[in-house]
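Taking it in order: structure first as structure tokens, then the write-up.
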Amino acid sequence: MAKNFTTREENYSQWYNELVTKADLAENSAVRGCMVIKPYGYAIWEKMQAAMDKMFKDTGHENAYFPLFIPKSFFNKEASHVKGFAKECAVVTHYRLKSSEDGKGIVVDEDAKLEEELILRPTSETVIWDTYRKWIQSYRDLPILINQWANVVRWEMRTRLFLRTTEFLWQEGHTAHETSEEAVEETLKMLDIYADFAENWMAVPVLKGLKSPVEKFAGAVDTYCIEALMQDGKALQSGTSHFLGQNFAKAFDVKYLSKENKLEYVWATSWGVSTRLMGALVMAHSDDKGLVLPPKLAPIQVVIIPIYKEPDQLEQITEKVKIIKENLETKDISVKYDDRDTYKPGWKFSEYEFKGVPIRLAIGPRDLENGSIELARRDTLKKEILPIEGIENVIKKLLKEIQDNMFEKALKFREENTFEVDTWDEFKAKITEGGFVMAHWDGTPETELKIKEETKATIRTIPLNNPQEVGKCIYSGKPSTERVVFAKAY
RNA sequence: CGGGGUAUAGCGUAGUCCGGUUAGCGCGCCUGCUUUGGGAGCAGGAGGUCGCAGGUUCGAAUCCUGCUACCCCGACCA
């Protein structure tokens, strides 16, 4: 299956595409730009969902569901929001089909034109704020802390599996607060949760920071983000958290009566991560032998493969494996015993290696004699023979070690590919090579756009707690007080 | 939407320039036997509207015209 697999060196984007499809994560569908997420890929997404869902709930959020369709008129209400999304909205204009005149096919029934056209949500701010208006009257109704897991549609020109698809899955949190301070606090709290998730579950180190005005969300006052560096030196925005100020409250007339009996607009946030995280996961860790999954998100953490010649040998092995498997499962480790007789051990080794299973155990007659088992770890590809006795404890520890090792490796990569530059020539050179380039910027959108035009690089983020230092903008030479992070981005 | 490319079995492809048997090969699939500590071997077998629609021709995967889909590179974006 994974024979003739393109290497990262040869062609990074082809490597990515082949990896995603051959590892059974997803495939292209009949509809351009849309993907089928296959069971193995979806299992990873479900693990991501479960972990984040718990984090959201632990911080007081509740799940709800808002509709897929949004009345077109809602989109007129917040000017910059319209501008940001108008170009990529799918629109429903009719609600019925009929047989065509010639009886050969089916056509849109022109008599079934909708009074008001419906937009397939590119995000749900509008429908949610239209709803919140009805829910909020008094400060006693606040805060509202709601999240929804949903699909959204953005009609993109160019798509890539997981990284940018026409329809994608995500979660979107939408909160309403009494004060600006509280909303900002919420925005940053969720940013922290995203960073925590990325680093501790995905083993992907991220930079937390603020988006430049050019890059921020349409309708937000401030957009915060987590940015990760991929192995090809390009940045991937992996999550965003927006402080919306009173923009949507004003657009949808959402007011509350304060303790002082004054009518005030509420303060808002929204935050989201999507199936794009799957792309980040793949591109951050995987190698030329296939996927490498962090143990905390791997659908299968340990696979056990029997090696045998005779049926009775398999029986003995299976008996032994049953005990090992139970011991592992007692320790909350997910185990698959692949005793299929239709594939040979070598084939299975390659298969699970390609699918990124963190630990592989192989057990044969020789092991039964010696009370031993062969353990191979995916991240380092190292193999060793260990006693079966107590193997569950070794594995428990090793899974943690693999998780940590993957993070450390990714962090080291990022550190080795983060550069400070002070001149325009240096900047252009480093940007071409790839990586995060820390440079002074005069703070104007004009300069940012010029830099983008000339180098394709954008400001990925202005890091939180950024050290202040005197410097000159690499492009305009104007004074600057801090370095910002430039990179080419996905 | 611009530039480039591709379309032949489930997947990958040869054949196309220069029209001519039954469209070939690899992987995968099915059956049987032998195998099993890193992608097994042998034997047999199934599987094709050659992207679609026209046209030229005695004859089209091959030449001509039109269309469609997909991929890559740009512009746009998470």
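The values are calculated or read from the model by the stated rules, or taken from the named source; none is laboratory data. Nothing here was measured: the structure is a model prediction, and the numbers come from that model. Backbone-built Cβ (ideal geometry, glycine too); neighbour counts: all protein chains shown.
When region A:365-391 is examined, which residues are found to be over 31 Å from the mean Cα position of the chain (by Cα) and crowded, with 19+ Cβ neighbours inside 10 Å? Write out each step before concluding.
Residues of region A:365-391 over 31 Å from the mean Cα position of the chain (by Cα): A:365-374, A:383-391.
Matches in region A:365-391: A:Asp367, A:Ile373, A:Ile388, A:Ile391.
Output the strands (runs of 3 or more DSSP E) that fall wholly within region A:116-213 and possess 1 or more residues being polar (S, T, N, Q) and within 15 Å of RNA strand B (Cβ to nearest atom), or say none.
Numbers: elements: A:144-153, A:167-177, A:207-210.
It comes to A:144-153, A:167-177.
Conditions first: (1) under 30 Å from A:Glu46 (Cα atoms); (2) in contact with a Phe, Trp or Tyr (Cβ under 9 Å, 6 or more places away or on another chain); (3) in contact (Cβ under 8 Å) with a residue 60 or more places away in the chain. A:Trp155 passes all but one, so which condition is the exception?
(2)
Limited to region A:233-246, what total is found for residues that are surrounded by fewer than 24 Cβ atoms within 10 Å (Cβ to Cβ) and more than 14 Å from RNA strand B (Cβ to nearest atom)?
Residues meeting the conditions: 2.
Check A:Lys428 against each of (1) in a strand (DSSP E or B); (2) farther than 20 Å from A:Thr223 by Cβ and name the one condition it does not meet.
(1)
Conditions first: (1) assigned by TED's automatic domain parsing to the domain that holds A:Ile193; (2) surrounded by fewer than 15 Cβ atoms within 10 Å (Cβ to Cβ). A:Ile144 passes all but one, so which condition is the exception?
For A:Ile144, the failing item is (2).
Can you tell me how many residues in region A:389-425 are polar (S, T, N, Q), over 27 Å from A:Asp287 (Cα atoms) and in a helix (DSSP H, G or I)? Lay out the reasoning, then the answer.
At the first step, the residues of region A:389-425 found to be polar (S, T, N, Q) are A:393, A:403, A:405, A:417-418, A:423.
Restricting the remaining residues to those that are over 27 Å from A:Asp287 (Cα atoms) gives A:393, A:423.
Now restrict to residues that are in a helix (DSSP H, G or I): A:393.
Within region A:389-425, residues that are polar (S, T, N, Q), over 27 Å from A:Asp287 (Cα atoms) and in a helix (DSSP H, G or I) number 1.
For region A:317-351, how many residues are more than 11 Å from RNA strand B (Cβ to nearest atom) and of a type outside the set (A, V, I, L, M)? Write out each step before concluding.
So the first thing to find is which residues in region A:317-351 are more than 11 Å from RNA strand B (Cβ to nearest atom), and the list is A:318-338.
Now drop any that are not of a type outside the set (A, V, I, L, M), which leaves A:318-320, A:322, A:325-327, A:329-332, A:334, A:336-338.
Adding up the residues that qualify gives 15.
Can you work out which of the residues in region A:1-16 that are near RNA strand B (Cβ under 9 Å from one of its atoms) and surrounded by fewer than 16 Cβ atoms within 10 Å (Cβ to Cβ) is modelled with the lowest pLDDT? Step through it out loud before you land on a result.
Within region A:1-16, the subset near RNA strand B (Cβ under 9 Å from one of its atoms) is A:1-5, A:11-14, A:16.
Filter once more, keeping what is surrounded by fewer than 16 Cβ atoms within 10 Å (Cβ to Cβ): A:1, A:3-4, A:11, A:13-14.
Numbers: A:Met1: 42, A:Lys3: 59, A:Asn4: 68, A:Asn11: 79, A:Ser13: 82, A:Gln14: 81.
If we take residues in region A:1-16 being near RNA strand B (Cβ under 9 Å from one of its atoms) and surrounded by fewer than 16 Cβ atoms within 10 Å (Cβ to Cβ), then A:Met1 is modelled with the lowest pLDDT.
Residue-by-condition table, conditions (1) in contact with an Asp or Glu (Cβ under 6 Å, 6 or more places away or on another chain); (2) of a type outside the set (Lys, Arg); (3) modelled with pLDDT under 95:
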| residue | (1), (2), (3) |
| --- | --- |
| A:Asp53 | no, yes, no |
| A:Pro67 | no, yes, no |
| A:Pro71 | yes, yes, yes |
| A:Phe85 | no, yes, yes |
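So which residues in region A:348-382 are modelled with pLDDT of 95 or more and of a type in the set (Phe, Trp, Tyr), if there are any at all?
A:Phe349, A:Tyr352
Would you pick out the residues in region A:3-17 that are part of a helix (DSSP H, G or I) and among the hydroxyl-bearing types (Ser, Thr, Tyr)? If you could, list the steps in order and put the result at the bottom.
Just the residues of region A:3-17 that are part of a helix (DSSP H, G or I), to begin with: A:12-17.
Within region A:3-17, A:Tyr12, A:Ser13, A:Tyr16 meet the criteria.
Within region A:455-468, is there a residue that is in a helix (DSSP H, G or I) and within 16 Å of RNA strand B (Cβ to nearest atom)? Outline the logic, then answer.
Narrowing region A:455-468 to residues in a helix (DSSP H, G or I): A:455.
Filter once more, so that each one left must be within 16 Å of RNA strand B (Cβ to nearest atom): A:455.
Yes: one or more hits.
So, A:Glu369, is that one within 6 Å of RNA strand B (Cβ to nearest atom), more than 18 Å from A:Lys296 (Cα to Cα) and assigned to a helix (DSSP H, G or I) or not? Break it down into steps so the answer makes sense when it comes.
Working: within 6 Å of RNA strand B (Cβ to nearest atom): no; more than 18 Å from A:Lys296 (Cα to Cα): yes; assigned to a helix (DSSP H, G or I): yes.
Spelling it out, it is not the case that A:Glu369 is within 6 Å of RNA strand B (Cβ to nearest atom), more than 18 Å from A:Lys296 (Cα to Cα) and assigned to a helix (DSSP H, G or I).
Being among the polar types (S, T, N, Q) and within 14 Å of RNA strand B (Cβ to nearest atom) is the filter here, so list the residues in region A:253-285 that pass it. Give the steps one after another, and end with the answer.
Here is the first cut: in region A:253-285, the residues among the polar types (S, T, N, Q) are A:258, A:261, A:269-270, A:274-275.
Scanning region A:253-285 gives A:Ser270, A:Ser274, A:Thr275.
What tally of residues in region A:49-85 results from selecting those that are assigned to a helix (DSSP H, G or I) and hydroxyl-bearing (Ser, Thr, Tyr)? Walk me through it before giving the result.
Here is the first cut: in region A:49-85, the residues assigned to a helix (DSSP H, G or I) are A:49-58, A:72-76, A:79-85.
Retained after the next criterion (residues that are hydroxyl-bearing (Ser, Thr, Tyr)): A:73, A:80.
The total comes to 2.
Restricting attention to region A:18-37, does a residue exist that is within 16 Å of RNA strand B (Cβ to nearest atom), assigned to a helix (DSSP H, G or I), among the charged types (D, E, K, R) and surrounded by 15 or more Cβ atoms within 10 Å (Cβ to Cβ)? Please lay out each step first, then the result.
Let us first name the residues in region A:18-37 that are within 16 Å of RNA strand B (Cβ to nearest atom), namely A:18-37.
Filter once more, keeping what is assigned to a helix (DSSP H, G or I): A:18-22.
So of that shortlist, the ones also among the charged types (D, E, K, R) come out as A:18, A:22.
Filter once more, so that each one left must be surrounded by 15 or more Cβ atoms within 10 Å (Cβ to Cβ): A:18, A:22.
Within region A:18-37, one or more residues are within 16 Å of RNA strand B (Cβ to nearest atom), assigned to a helix (DSSP H, G or I), among the charged types (D, E, K, R) and surrounded by 15 or more Cβ atoms within 10 Å (Cβ to Cβ).
Scan region A:289-348 residue by residue and report those that are farther than 22 Å from A:Glu369 by Cβ, among the aromatic types (Phe, Trp, Tyr) and crowded, with 19+ Cβ neighbours inside 10 Å.
If the condition is that a residue be farther than 22 Å from A:Glu369 by Cβ, among the aromatic types (Phe, Trp, Tyr) and crowded, with 19+ Cβ neighbours inside 10 Å, then no residue fits.
Can you name every residue in region A:237-265 that is more than 19 Å from the chain's Cα centre (by Cα) and either of a type in the set (Lys, Arg) or closer than 15 Å to A:Gly173 by Cβ (or both)? Quick ask: steps written out before the conclusion?
Narrowing region A:237-265 to residues more than 19 Å from the chain's Cα centre (by Cα): A:243-265.
Within region A:237-265, A:Phe243, A:Leu244, A:Phe248, A:Lys250, A:Lys255, A:Lys259, A:Lys262 meet the criteria.
When you go through A:Ala487, A:Ala457 one by one, which is the residue that is without any contact (Cβ under 8 Å) to a residue 40 or more places away in the chain and buried (at least 21 other Cβ atoms within 10 Å of the Cβ)? Full working, then the answer.
Values: A:Ala487 fails: without any contact (Cβ under 8 Å) to a residue 40 or more places away in the chain.
Exactly one residue qualifies, and that residue is A:Ala457.
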